[in-house]
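The values are calculated or read from the model by the stated rules, or taken from the named source; none is laboratory data. Treat the numbers as computed from the prediction; the structure is a model and nothing was measured. Only protein heavy atoms, including side chains, enter the accessible area calculation; ligands, DNA and RNA are left aside. Shrake-Rupley method; radii C 1.70, N 1.55, O 1.52, S 1.80 Å.
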Amino acid sequence: MAAAQCAAPTMRRKRTWTGTPEVYFAKPIDNSRLVKVENPQRSREMKQFGVALSCLFLLVMTFAWQHFKAIEYGYKIETLRVQRDGLAEMNRALRLEEASLRDPERIDTLARKLGLQSPQAGQVMHMDTVLPDAATPELASVNLSSAGLRPAR
């Protein structure tokens, strides 16, 4: 058994720590006696940089505002265009319905269903024609039914 142990190669562990160990010590630093010297040139440069940066920011924000407003107006125009097309289609449909409702044949058949008869000669008086007796003076009168009034009872 001792011979078997000698024949087997011995495995060594690799060292994970190479070199000398580093040790850190805390070193207190007291800067309370230091006074900062104001550099006027650096201060002026920083002010100029700030003004230039502000101008650039305003320029970019103005461009972005105009761009987004243009997009918003485009959406509004498209919405109004769709609404206009819908209203035009509705108008066309209503005109078509009006034309079908004004059809004299339809009115005549509905009137006959209700029991109405065609007017006799002399019953119809056209308002847009001139009477043959236009030279004679006519007394003014009020038509209560056309004015929307009812006669007193």
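Tabulated values for the structure
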quantity: Cα-based shape type of the stretch 56-132, given that a ≥ b ≥ c are square roots of the gyration tensor eigenvalues and the cut on a/c is 1.5; calculated: prolate
quantity: Solvent-accessible surface (1.4 angstrom probe) belonging to I29, in square angstrom, nearest 10; calculated: 130 Å²
quantity: Linear extension gain, Q48 paired with W65, 0.36 nm per residue minus alpha-carbon span; calculated: 3.6 nm
